[in-house]
Amino acid sequence: MKVILFEDIGYKDLLPIAYFRPVWELRCGIYTLEEKIKRSYPDYELGYIARQYLMDYYLDQEKLGNFSRKENCLFINGRLIFDKNDINRMDSLPDNTAYLHHGEIVAFRLNQESVNNYFADGLLNAERVLSDFKIFEDSFTLVKYPWDLIFDNSEQIVQDFMLGDFAGNLVGKVYDGCHILGKENIFLAANSQVMPGSVLDAENGPIWIGENTKIMSNAVLAGPLAIGSHCLVKVGAKLYENTSIGPVCKVGGEIEESIIQGFSNKQHDGFLGHSYLGAWINIGADTNNSDLKNNYSEISIYLNNRTIKTGKRFLGLIMGDHTKTAINTMINTGTIVGVNCNIFGKDFPPKFVPSFSWGGSDGLREYNFEKAIEVAKVVMERRSIAFSENDYKLFKSVKDLVSQIENRVRVS
C-alpha cells in the first residue's frame, strides 16, 4: 500500500499561510500535519498531489512517479490532523470507498491506475469521488481555517509528546540556577541549553525543545509548549501555554497560544497572542497584536474574499510568509496580513492586508515584485540558504495566484 497526501479546494481557506506550501506542511503541536502521518506510517513512502505550481517548483515529483500503475493507494487529505486512532480506520477502508467529515472528503482508497480521473491541476475532483465511491461519514479533525490550527494546538502538543520517547529526557544541558517544574513532562534535545535563571514550568502540560536550541537567562516557559531545533529564546522571554515555535526562529517578548511556522523572528518585546505566523517573517520591536475585542464579542475575519464569523472570542493575527512589521506596529483583533508585505505606520493597519502590500493605516500600495524578491534573497542568505531559480519561479506563481484570488479591498 502507498499513502498519498492530496490537496482540495479547501486550501483557499488556509491562505495566506498556505501560499508557499502544501497544506500538510502547516504546523500544529510539535509537528507538521505531514510529519504526524509519517510517524503513523513509518514503513510507507509518502506521495503527494498538490497545486500544480507546488508540484513544479517545490515538491519532489519522483515520490509520486515511483508508484506503479496498479498499486493500491490510500489517499489522505493533507488538511487532516492525523490521530493515532485514525490508523485502524484508514487500514480497514475498502477499495473505491471514501471517508467524509461534514461533507468533505478525508480519505479514499483506489489503485494508482485510476488516479488521473480524480484530480485536475493537482486538486481533488470531489464531485467525481462522491459520485463514484461508496461513502462513509465519520468524525475526523479536518482543518478548515487557520484558527483551527491555533485552537487544536494545545491538545496536539500533548498528544505528540505522549506518542514519543520524550518524558523526562533532558539530553541537553540545564545550567545551575534554572527552575524546573514537572521534569517528567520536559524533553530537551541534544546540544540544547537552558541558561541560569530560566523557568521551565511543565506542571500543566509538556515542554518539548528540539536540538541546538538555546534558552537564554530569565526566560519563562509554560507548557504545553513546543520549540523547534536551532531556535534562540531571548533573555526575559515569556512563552505561555499552547504555543508552538518551528525550527530556526528567534523569539522574545510575550507569546501566548500561537504558532510560528519556522525561519521567522519575533525576538523583541511586544505581545503575540492567538496568532499564526508563516515563515521568513520579521516582527519589529514592540509590535503588539490584540486578540480580544473590547466588548468581548465574537471575532469576524475577512478571508478568501468574504467575511467569516469565527465563533471565537480570542483571535489575533494570521500572517503570510516573507512579511515584515516596523517597530511599534499595532495590529487589531482578527487581522489577516498576506505574503510579502511591509507594514508600518502610527495607527492600526486594515484588518485585511492583501499580499504584496506596502504601508499601513495611511494607505496601502502594491509592493514591487522585484523589490520583494531582493529582500527575500537577503533574508534567506542570512540563514545560509541560497535563493534559487526555483524559488523565483515559486514566488512568481504565488504572485499570479494572489492576483487571481485576492481583492485589494480595505477592511477596517
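What follows draws every value from the coordinates through simple rules; no lab data is involved. Owing to the predicted nature of the structure, the values given are computational and were not obtained by experimental measurement. Please note: Cβ atoms are built from the backbone with ideal geometry, for glycine as well, and neighbour counts cover all protein chains shown.
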Subject >> Packing-based order for 220-233, 345-358, using average beta carbon neighbours within 10 Å, highest first >> reply: 220-233, 345-358
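Would you work out the Kirkwood radius for region 2-144? I mean one over the mean of 1/r across all pairs of different Cα atoms, in Å. If you can, show how the numbers build up before the last one.
On the way: mean 1/r = 0.0661 Å⁻¹.
Mean inverse Cα-Cα distance, inverted, gives 15.1 Å.
How large is the dipole of region 315-412 about the Cα centre if only Lys and Arg carry +1 and Asp and Glu carry -1, each at its Cβ, rounded to the nearest 20 debye? Could you put the intermediate results ahead of the total?
Working: 13 positive and 11 negative charges, 29 e Å.
The dipole of region 315-412 has a size of about 140 debye.
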**OP:** Pick out, from ALA190, ILE308, CYS178, the residue whose Cα sits farthest towards the positive end of the charge dipole of the chain, with +1 on the Cβ of Lys and Arg and -1 on the Cβ of Asp and Glu.
**Re:** ILE308
Original post:
At what distance in nm do the modelled label points of ALA167 and ILE9 sit from each other, each positioned 7 Å from its Cα along Cα→Cβ?
Top reply: 4.6
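List the trypsin sites (Lys or Arg not before Pro) in region 136-204 that DSSP assigns to loop (not H, G, I, E or B) and whose Cβ has at most 15 other Cβ atoms within 10 Å. Which are they?
Numbers: sites: LYS144, LYS173, LYS183; in loops: LYS144.
Qualifying residues, ordered by number: LYS144.
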**OP:** Would you kindly derive the ³J(HN,Hα) couplings of region 41-49 from the backbone phi angles with the Karplus curve 6.51 cos²θ - 1.76 cosθ + 1.60 (θ = phi - 60°), listing them in order in whole Hz, with x for Gly and Pro?
**Re:** 10, x, 9, 10, 7, 8, x, 9, 9
Original post:
What is the Cα centroid distance between region 357-410 and region 294-354, reported in whole angstrom?
Top reply: 18
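Using the Cα centre as the reference, give the magnitude of the dipole from point charges on the C-beta atoms of the chain (Lys, Arg: +1; Asp, Glu: -1; all else neutral), rounded to the nearest 20 debye. Before the final figure, lay out the partial values.
Working: 43 positive and 52 negative charges, 187 e Å.
That gives the chain a dipole magnitude of about 900 debye.
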Original post:
With the dipole of region 2-144 worked out from charges on the C-beta (+1 for Lys and Arg, -1 for Asp and Glu) around the Cα centre, which of ILE87, TYR48, LEU74 lies farthest toward the positive end?
Top reply: ILE87
Original post:
How large is ³J(HN,Hα) for each residue in region 21-32, as worked out from phi by the Karplus curve 6.51 cos²θ - 1.76 cosθ + 1.60 (θ = phi - 60°), to whole Hz, x for Gly and Pro?
Top reply: 7, x, 4, 6, 8, 5, 9, 7, x, 6, 10, 7
Original post:
When Cα extents along the principal axes in Å is calculated directly from the model, which label among (i) 59, 51, 46; (ii) 63, 54, 39; (iii) 90, 67, 46 fits?
Top reply: (i)
Original post:
How many nm separate the modelled label positions at ASN304 and GLU389, each set 7 Å beyond the Cα in the direction of the Cβ?
Top reply: 3.6
**OP:** Report the Stokes-Einstein translational diffusion coefficient (µm² s⁻¹, integer) for region 297-349, Rh taken as the Kirkwood radius over Cα pairs, at 25 °C with viscosity 0.890 mPa s.
**Re:** 205
Original post:
What nm distance separates the two modelled labels at LYS377 and ARG365, each placed 7 Å from Cα along Cα→Cβ?
Top reply: 2.3
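In the structure shown, do any of LYS250/LYS324; LYS12/LYS309; LYS371/LYS399 have a Cα-Cα gap over 25 Å, and if so which?
With Cα atoms farther than 25 Å apart: none of LYS250/LYS324; LYS12/LYS309; LYS371/LYS399.
Which chymotrypsin sites (Phe, Trp or Tyr not before Pro) in region 135-199 pass both tests, a DSSP loop state and at most 16 other beta-carbon atoms within 10 Å?
Loop-located and lightly packed - TYR175.
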Original post:
What residues have an amide H closer than 5 Å to that of ILE4, excluding those fewer than 5 places away on the same chain, when H is modeled at 1.01 Å from N in the peptide plane?
Top reply: GLY47, LEU74, PHE75, ILE76
